[in-house]
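Visitor: After the structure tokens below, expect a handful of questions from me.
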Amino acid sequence: MALKGNLRDFSTAQLLNLINLARKTGTLTIESPDARCRLSFKGGKLVYATMNGDQDNLATMLQRTGKITAEQARAIQAKVGFKSDKELAMLLINTGRVSKEDIVHSVRSYILNNVYPLFTWSEGQFRFEANYLPFEDRITIPIDLENVIMEGSRRLQEWERLQEELPDLDVSLRFVERPNVRLRDISLSVEEWRVVSFINPRNTIRQIAQYNNMSDFQIRKIVYGLLQAGLVELVQPEGVVKPTPTGAPGRAPVTMRRPAVKRGVVERLINFFQR
């Protein structure tokens, strides 16, 4: 029988810790009002995760980590058709397009990028189905949960700080006039360059994130870094006037509320994983 519960009673970090300690095998589904994530485990290790039913193929994963270009990804997808990720991986390795290490890195990055946002969720339902593994046809990578929990908790603290520094994503960016600083002389990651290429007063930060398939955490972190470096500044979107409610001159930063833990829920979860 599946175990069900609410994130208000038991946080993502606590769930993962129990799965790790009990060395459970199965699939955990977490649903918030806006998103749905599925995580699979074998012997207490995380092996796969998807967000919102996302089934990105290997070519897209390799593109996101900069191992191949967007043009190469489209060509690969058009050529291989409906090959599975495992078949595609063997083909790419045998033809010298990428290495085994490139594939492991890309799949691992894909999995973790789907998991880390869960640590910021304070609302949602969860369901754990023991011994159910729906992603056997995908390339799975065993990942130790201790490291995932530590990094996820660190990101939660960073997320809270970023929300205070950059609470509104419906504003735009423009480059600061600094003749002595040139972007091409600054070392930026692939993701940062993607954001930089869309900086325009007509594009809001939220729109840039959606176009580049980035989470709120990812876009806030990149924009905050660009702001701190003095490369960009915040502006109102061109042609858009944001109404301000009477008596509310500013918008208070949103803070994350850590879920309260109820003793009955804790005991039920522990008993389930011990069994």
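Visitor: Being farther than 29 Å from residue 153 by Cβ, free of Cβ contacts under 8 Å to residues at least 40 places away in the same chain and in contact with a Leu (Cβ under 9 Å, 6 or more places away or on another chain): is that true of residue 58 here? Full working, then the answer.
Guide: Working: farther than 29 Å from residue 153 by Cβ: yes; free of Cβ contacts under 8 Å to residues at least 40 places away in the same chain: no; in contact with a Leu (Cβ under 9 Å, 6 or more places away or on another chain): yes.
In short, no.
Visitor: Okay, moving on. Select from the range 78-108 the residues that are basic (Lys, Arg), closer than 15 Å to residue 56 by Cα and in contact (Cβ under 8 Å) with a residue 12 or more places away in the chain and write down the one among them that is surrounded by the most Cβ atoms within 10 Å (Cβ to Cβ).
Guide: Residues of the range 78-108 basic (Lys, Arg): 79, 83, 86, 97, 100, 108.
Imposing the further condition that a residue be closer than 15 Å to residue 56 by Cα reduces the set to 83, 86, 108.
Filter once more, keeping what is in contact (Cβ under 8 Å) with a residue 12 or more places away in the chain: 86, 108.
On the way: 86: 14, 108: 17.
Filtering the range 78-108 for residues that are basic (Lys, Arg), closer than 15 Å to residue 56 by Cα and in contact (Cβ under 8 Å) with a residue 12 or more places away in the chain, the one surrounded by the most Cβ atoms within 10 Å (Cβ to Cβ) comes out as 108.
Visitor: How many of the residues making up the range 121-173 are within 16 Å of residue 27 (Cα to Cα) and among the aromatic types (Phe, Trp, Tyr)?
Guide: 4
Visitor: Could you list, in sequence order, the residues of the range 1-45 that are buried (at least 19 other Cβ atoms within 10 Å of the Cβ), among the hydroxyl-bearing types (Ser, Thr, Tyr) and at pLDDT below 95?
Guide: Across the range 1-45, the qualifying residues are 11, 12.
Visitor: While we're on this one: How many residues are among the small types (Gly, Ala, Ser) and assigned to a strand (DSSP E or B) when one looks only at the range 34-56?
Guide: 2
Visitor: Can you confirm whether the range 35-46 contains a residue that is without any contact (Cβ under 8 Å) to a residue 12 or more places away in the chain and under 16 Å from residue 121 (Cβ atoms)?
Guide: Taking every residue of the range 35-46 in turn, none turns out to be without any contact (Cβ under 8 Å) to a residue 12 or more places away in the chain and under 16 Å from residue 121 (Cβ atoms).
Visitor: Could you check the range 179-230 and list, in sequence order, the residues that are hydroxyl-bearing (Ser, Thr, Tyr) and modelled with pLDDT of 85 or more?
Guide: Within the range 179-230, the subset hydroxyl-bearing (Ser, Thr, Tyr) is 187, 189, 197, 204, 211, 215, 224.
Answer for the range 179-230, where residues must be hydroxyl-bearing (Ser, Thr, Tyr) and modelled with pLDDT of 85 or more: 197, 204, 211, 224.
Visitor: Follow-up question, since we're still on this one. Tell me the helices (runs of 4 or more DSSP H) entirely within the range 57-164 that contain at least 3 residues that are small (Gly, Ala, Ser).
Guide: In the range 57-164, 70-80 are the helices (runs of 4 or more DSSP H) which contain 3 or more residues that are small (Gly, Ala, Ser).
Visitor: So which of 167, 134 is exposed (fewer than 14 other Cβ atoms within 10 Å of the Cβ) and either over 17 Å from the mean Cα position of the chain (by Cα) or touching a residue at least 60 places away in the same chain (Cβ under 8 Å) (or both)? Even if it seems obvious, please write down each step before you answer.
Guide: Working: 167 fails: exposed (fewer than 14 other Cβ atoms within 10 Å of the Cβ).
Being exposed (fewer than 14 other Cβ atoms within 10 Å of the Cβ) and either over 17 Å from the mean Cα position of the chain (by Cα) or touching a residue at least 60 places away in the same chain (Cβ under 8 Å) (or both) holds for just one of 167, 134, which is 134.
Visitor: Would you confirm, using the coordinates I've provided, whether residue 81 is at pLDDT 90 or above and among the small types (Gly, Ala, Ser)? Working first, answer last.
Guide: Numbers: at pLDDT 90 or above: no; among the small types (Gly, Ala, Ser): yes.
Answer is no for this residue.
Visitor: Just one of the numbered conditions (1) surrounded by 15 or more Cβ atoms within 10 Å (Cβ to Cβ); (2) out of contact with any His (no Cβ under 8 Å at 6 or more places or on another chain); (3) polar (S, T, N, Q) is not true of residue 69; which one?
Guide: (1)
The values are calculated or read from the model by the stated rules, or taken from the named source; none is laboratory data. Bear in mind the structure is a predicted one, so any value in this text is a computation, not a measurement. No Cβ is skipped: glycine too gets one built from the backbone with ideal geometry, and neighbour counts run over all protein chains shown.
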